[in-house]
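Below is one structure, written out as structure tokens; the observations come after it.
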Amino acid sequence: MRKKKESLRASIFETLKNRKTSRVAHDGERTRPEGTLIASYNVHKCVGADRRFDPERISRVIHEIDADVIGLQEADTRFGERTGLLDLRRLERETGLIPVPVAGATKAHGWHGNVVLFKQGTVRDVHQINLPGLEPRGALLAEIELARGGALRIIAAHLGLLHRSRAQQTRLIAELMSSDNETPTVLLGDLNEWRLGDRSSLNTFQAAFGPLPPAVPSFPSTLPLLALDRIMANRRGLISTVEVHDSALARVASDHLPIKAVVSLETLRAETEARAESA
């Protein structure tokens, strides 16, 4: 227990030390970047930092982000027959975001609460992955042919709260990547890992994704200290620096802040063309 407290304290100190250099999009200074914007957002079952259930606030934050592809976590109720909590039809009308189809879902939006929404493109492949561990967890793997050029594989995941479970889950995702690491891939989601250094379960991803990008604190939304949410790619230069979407509304709408990055379309097109030539 003492080692765990010391590790958490070290993680928080490291976060505080890096706060000045981390890139954060605050109110009044947000601009829509060039390129394809991807994002990840744990919507906490639409319960905000004020403990109010308010799906409308979550939808407004998604409007603010204005992503081309976004992965949501906890977008469904958790127990019993899972039920979606957002008005996806209205979200599509207002933002153009449509959900990647999930087999077997009747009332649920996604898979174990994971939803992938995208604006323009064609879904080429979808896999619903059960992740091992004590809690029921899952990942949604979707390959999307983006309208602006290139095929991109998205792995949207929500890992477990227990370190042992996360270790099993990261190994499974790494095995999936080892079977096909040729496709440009972005892994995003709430990975629930606050540890740094050798004890972090995310080290398992280094073989597939290379050195992990700098941690960007996103939790808790009212005073973000822990980088529980991550975006990483299996190609150098495929995504830009990861940023937190920090707005007054985002700080209260969920207990997590959204994070985002831009996909380099030039890198993606080059990868797609190289795969086509070698096929």
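Restricting attention to region 151-178, which residues are open to solvent by 10 Å² or more (accessible area, probe 1.4 Å), within 27 Å of T272 (Cα to Cα) and of a type in the set (S, T, N, Q)? Of everything in region 151-178, just one residue is open to solvent by 10 Å² or more (accessible area, probe 1.4 Å), within 27 Å of T272 (Cα to Cα) and of a type in the set (S, T, N, Q), namely S178.
Tell me whether region 122-130 contains one or more residues that are over 23 Å from G35 (Cβ atoms), in contact with a helix residue (DSSP H, G or I) (Cβ under 8 Å, 6 or more places away or on another chain) and modelled with pLDDT of 95 or more. Yes. Checking each residue in region 237-256 for being surrounded by 24 or more Cβ atoms within 10 Å (Cβ to Cβ) and over 16 Å from the mean Cα position of the chain (by Cα) picks out only A253. So which residues in region 203-217 are of a type outside the set (V, I, T) and crowded, with 21+ Cβ neighbours inside 10 Å? Matches in region 203-217: F205, F209, A215, P217.
Determine whether region 183-193 contains at least one residue that is β-branched (V, I, T), at pLDDT below 90 and on the phi < 0 side of the Ramachandran plot. Yes, region 183-193 contains a residue that is β-branched (V, I, T), at pLDDT below 90 and on the phi < 0 side of the Ramachandran plot.
Within region 50-85, the set of residues being assigned to a strand (DSSP E or B) and either among the polar types (S, T, N, Q) or under 19 Å from the mean Cα position of the chain (by Cα) (or both) comprises V69, I70, G71, L72, Q73, D76, G84. Would you mind stating whether T185 is among the β-branched types (V, I, T) and surrounded by fewer than 22 Cβ atoms within 10 Å (Cβ to Cβ)? Criteria not met by T185.
Considering region 257-279, the residues that are open to solvent by 10 Å² or more (accessible area, probe 1.4 Å), in contact with a strand residue (DSSP E or B) (Cβ under 8 Å, 6 or more places away or on another chain) and not in a helix (DSSP H, G or I) include one that is nearest to E145 (Cα to Cα), namely S264. Taking region 113-131 as the range and being over 22 Å from A67 (Cα atoms) and open to solvent by less than 50 Å² (accessible area, probe 1.4 Å) as the test, the residues that pass are I129, L131. Before we move on, is R230 basic (K, R) and open to solvent by 40 Å² or more (accessible area, probe 1.4 Å)? Criteria not met by R230. Entry remark, region 88-107: residues being assigned to a loop (DSSP other than H, G, I, E, B), open to solvent by 20 Å² or more (accessible area, probe 1.4 Å) and closer than 22 Å to G138 by Cα number 7 in total.
Residues of region 67-85 being crowded, with 18+ Cβ neighbours inside 10 Å and either at pLDDT below 90 or touching a Leu at 6+ places or on another chain (Cβ under 8 Å) (or both), which ones? Those that are crowded, with 18+ Cβ neighbours inside 10 Å and either at pLDDT below 90 or touching a Leu at 6+ places or on another chain (Cβ under 8 Å) (or both): A67, D68, V69, I70, G71, L72, A75, D76, R82.
The values are calculated or read from the model by the stated rules, or taken from the named source; none is laboratory data. Nothing here was measured: the structure is a model prediction, and the numbers come from that model. All Cβ positions, glycine included, derive from the backbone under ideal geometry; neighbour counts span all protein chains shown. Only protein heavy atoms, including side chains, enter the accessible area calculation; ligands, DNA and RNA are left aside. Shrake-Rupley method; radii C 1.70, N 1.55, O 1.52, S 1.80 Å.
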